[in-house]
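A quick write-up on the structure given underneath.
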Amino acid sequence: MQLRYVFTELRSGLRRNLSMHLAVVLTLFVSLTLAGCGLLLQRQADKTAETLGNELQILVNLCVADDPSESPNCSAGEVTKPQLQEIERALNDSPEVDSFEFQTKEEGYEKAKEIYSPEVFEGSDPVITVDDWPAQYWVTLKDPKEADGVISAVSGLDGVSGIKDQREALSQIFGIMTALKYGSWVGAGFLLFAALLLVANTIRLAAMARRREIGIMRLVGASTLYIALPFLLEALVTAAIGVGLTAGALAAFMHWGIGGLEGTIQFLPWIDWTDYVESLIGLVPPGIALIGPALTLIPTLLLTRKYIKV
Amino acid sequence: MIRFEKVTKNYPGPGKPALDQVTVDIDKGEFVYLVGQSGSGKSTALRLVLRELRPTSGRVYVAGKEINRMAGWKVPRLRRQVGTVFQDFRLLPNKTVTENVAFALQVIGKSRREINKVVPETLEVVGLKDKATRMPDELSGGEQQRVAIARAFVNRPMILIADEPTGNLDPQTSVGIMNLLEEINQRGTTVVMATHDHGLVDQFRKRVVELDHGRVVRDEAAGSYGFQH
Ligand SMILES: Nc1ncnc2c1ncn2[C@@H]1O[C@H](COP(=O)(O)OP(=O)(O)O)[C@@H](O)[C@H]1O
Ligand SMILES: [Mg+2]
């Protein structure tokens, strides 16, 4: 098959409708970027839920000597063996508690070193010492929403300086992620619809401009595929450019956006480049390298069937 | 080569059928005029041969095949065997004479070598060898119609269909076009020409099929145009 005509037509078609194609590419670019952000946020939420969501915990802080909380529970100084037994009994008795673990102040101190900047641990009079760090019970709940009973049962006990409830922070994080995710998807949806209309219009204009050629091609017996090929290639080229720009924008988002967050918010497991690649070329849910071409090719196929019907 | 069996064609909407129980049989190598007043159904009959239209009832055979039952993907193959010429030439204005003729071969996938061989040959047949690089708007009407005939003939079709090919031309130029169509016919291509040009039909005597309101009212070998006009 001689494809010279097809490529000549492709080139002149792209040039003839440059502003239209540019509009398609830009709309595709923005909408696919939003969709890609939505996909990445989904993965971020999944990842967070996998590591933190399943073990939603409340932490029971235990008194240290000279406890900064100045809680009356700490009047006896550092928590004692009998107090610990009392607390464990309360935890065991609570129907809301699935399990709990004791974390010594040394273990807590080591974890803190990973989160806080090193200078607070250094010098002759460091800000944080082992003795400043409370020992803790890490309590895993049966139902992440049910904790009032165990909190009231434990918080009044001697040796308990306070309860650290992470659920609130995490539910905030999930809330933000969900809002952003749906926001991107809704925005992407509107823009993808706009892209679809633009594609349809571009094809209509191109079919008009080529009406004479198409008429002759049909008359002399060119196959439908051959007649449609320049249209399909045009659609593919605009989609490829749109997807390429989107891949770049999302890569920038991964590098600077996620890279920056990783430095500041360390208690979250952040998405990495594997997730990026999956959002680009994944099958389920479809990555943007699938969505983009589908968005331009499907209307092109449908409309060329209509406009160049043999 | 072409056979209509009780072909009726109704266009959507009210009104009488454009073709009404038309039965015609055209053999290989014949030259047939299709005459009749404007609106008598000539163009409809020709478009049925190309399967641009399908009959409402009856059968249309081309080269032994019933084309209204042909699968859609085979239609391009049918059209490669049927050259078509119109009153309005339908050339591509931004292509030269050679390019216009070559276009018909390019889009059906012929090789460049074959195109380079056949196109000049065909331009020679239609007498436009020395105008090969002209643009259509640099040609007279008769010359433009010759280009259109070259494009229709370049793939050496079994059938050439011409719908009022001289409708836009003066009588003298029309005679030249008729001579060309006769020559193509003598090379073995079946020619069907719709016309209402009395002079030509009377001058170049051929078989005449006359339509009136979609019905065949006359089918005469070597006939004249008729008396009523
Ligand atoms: N596309 C169409 N839609 C509706 N009616 C049509 C169409 N084409 C032709 N006709 C009608 O069919 C009849 C035959 O038309 P046509 O075949 O073009 O005649 P001719 O070529 O002999 O002038 C006319 O009455 C015409 O109005
Ligand atoms: Mg007509």
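Residues being part of a loop (DSSP other than H, G, I, E, B), closer than 15 Å to A:Asn61 by Cα and among the hydrophobic types (A, V, I, L, M, F, W, C): count how many of those fall in the range A:77-128. The total comes to 1.
Going through (1) modelled with pLDDT of 85 or more; (2) in a loop (DSSP other than H, G, I, E, B) one by one, A:Asp67 falls short only on (1).
Please go through the range B:35-45 and give me each residue that is of a type outside the set (S, T, N, Q) and near ligand 1 (Cβ under 8 Å from one of its atoms), ordered by number. Those that are of a type outside the set (S, T, N, Q) and near ligand 1 (Cβ under 8 Å from one of its atoms): B:Gly36, B:Gly39, B:Gly41, B:Lys42, B:Ala45.
How many residues, within the range A:152-197, are farther than 19 Å from A:Ser69 by Cβ, of a type in the set (D, E, K, R) and in contact with a helix residue (DSSP H, G or I) (Cβ under 8 Å, 6 or more places away or on another chain)? Total satisfying the criteria: 1.
The residues of the range B:7-42 that are buried (at least 17 other Cβ atoms within 10 Å of the Cβ) and small (Gly, Ala, Ser), listed by number, are B:Ala18, B:Gly36, B:Ser40, B:Gly41.
Yes/no matrix, rows are residues, columns are (1) within 28 Å of B:Gln81 (Cβ to Cβ); (2) in contact with a Gly (Cβ under 6 Å, 6 or more places away or on another chain):
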position	(1), (2)
B:Glu164	yes, no
B:Asn168	yes, yes
B:Ile177	yes, no
B:Asn185	yes, no
B:His196	yes, no
B:Gln203	no, no
B:Arg207	yes, no
B:Gly214	yes, yes
B:Gly223	yes, no
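Is it the case that the range B:22-32 has a residue that's at positive phi, out of contact with any helix residue (DSSP H, G or I) (no Cβ under 9 Å at 6 or more places or on another chain) and within 16 Å of ligand 1 (Cβ to nearest atom)? No, the conditions are met nowhere in the range B:22-32.
Yes or no, residue by residue, for (1) closer than 19 Å to A:Ala194 by Cβ; (2) modelled with pLDDT of 85 or more:
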residue: A:Thr8; (1), (2): no, no
residue: A:Leu14; (1), (2): no, no
residue: A:Gly36; (1), (2): yes, yes
residue: A:Leu39; (1), (2): no, yes
residue: A:Glu50; (1), (2): no, no
residue: A:Val60; (1), (2): no, yes
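Before we move on, is A:Ala240 outside any loop (DSSP other than H, G, I, E, B) and either of a type in the set (A, V, I, L, M) or not assigned by TED's automatic domain parsing to the domain that holds A:Gly38 (or both)? When the stated conditions are applied, A:Ala240 passes them. Only one of the numbered conditions (1) more than 35 Å from the chain's Cα centre (by Cα); (2) closer than 18 Å to A:Trp133 by Cα; (3) surrounded by fewer than 17 Cβ atoms within 10 Å (Cβ to Cβ) is not met by A:Arg89, and that is (2).
Considering only residues of the range B:57-80 that are in contact (Cβ under 8 Å) with a residue 60 or more places away in the chain and more than 8 Å from chain A (Cβ to nearest Cβ), which is surrounded by the most Cβ atoms within 10 Å (Cβ to Cβ)? First the steps, then the outcome.
Step one: list which residues in the range B:57-80 are in contact (Cβ under 8 Å) with a residue 60 or more places away in the chain, which gives B:62-63, B:80.
Adding the requirement that they be more than 8 Å from chain A (Cβ to nearest Cβ) leaves B:62-63.
On the way: B:Val62: 22, B:Ala63: 15.
Restricting to residues being in contact (Cβ under 8 Å) with a residue 60 or more places away in the chain and more than 8 Å from chain A (Cβ to nearest Cβ), the top hit is B:Val62.
Answer yes or no: is there a residue in the range A:160-174 that is of a type in the set (Asp, Glu) and crowded, with 20+ Cβ neighbours inside 10 Å. Within the range A:160-174, none of the residues are of a type in the set (Asp, Glu) and crowded, with 20+ Cβ neighbours inside 10 Å.
On inspection, A:Asn73 qualifies as out of contact with any helix residue (DSSP H, G or I) (no Cβ under 7 Å at 6 or more places or on another chain), of a type in the set (S, T, N, Q) and surrounded by 15 or more Cβ atoms within 10 Å (Cβ to Cβ). Evaluating A:Glu146 against the criteria (1) more than 24 Å from the chain's Cα centre (by Cα); (2) surrounded by 14 or more Cβ atoms within 10 Å (Cβ to Cβ) leaves one unmet condition, (2).
The values are calculated or read from the model by the stated rules, or taken from the named source; none is laboratory data. On a predicted model such as this, the values are computed, not experimentally measured, just so you know. Glycine gets a Cβ as well: all are built from the backbone with ideal geometry, and neighbour counts include every protein chain shown.
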